[in-house]
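Right, one structure below, let's go through it.
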């Protein structure tokens, strides 16, 4: 685990994550900071807790809009879809790997 020092709406936070997840966490912080600052700068909502809730609701709505309402992957989260794709890659890599001892 590594620790990251980040800032969201000017507030410092110390976050922990796995080394291979650092860039994804940094991207998430940048995205969240942008959403929260836009809400704050809109001037209609006061208080960091209310701004955070409104940002969370907006992000949840974006996420749910991305999910397909029907089809074979409709009941899966994006993380589960990524896991399935990674598993398919492993199967394909194994099937396409040069076969030793063929002769």
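The numbers here are math on the coordinates, done by the rules we state, and not lab data. Quick caveat: nothing in here was measured; it's all calculated off a predicted structure.
Report summary: the helix-based calculation at 222 nm, which adds -39500 (n - 2.57) for every DSSP H run with n ≥ 4 and divides by the residues of the chain, gives -19500 deg cm²/dmol. At full extension, residue 60 and residue 97 could sit 9.2 nm farther apart than now, given 0.36 nm per residue minus the alpha carbon distance. Quarter the surface of the alpha carbon convex hull of the stretch 1-66 and you get the mean projected area, 5.0 square nanometres. Relative contact order, whole percent, for the chain stands at 14, derived from Cα pairs under 8 Å and 6 or more residues apart.
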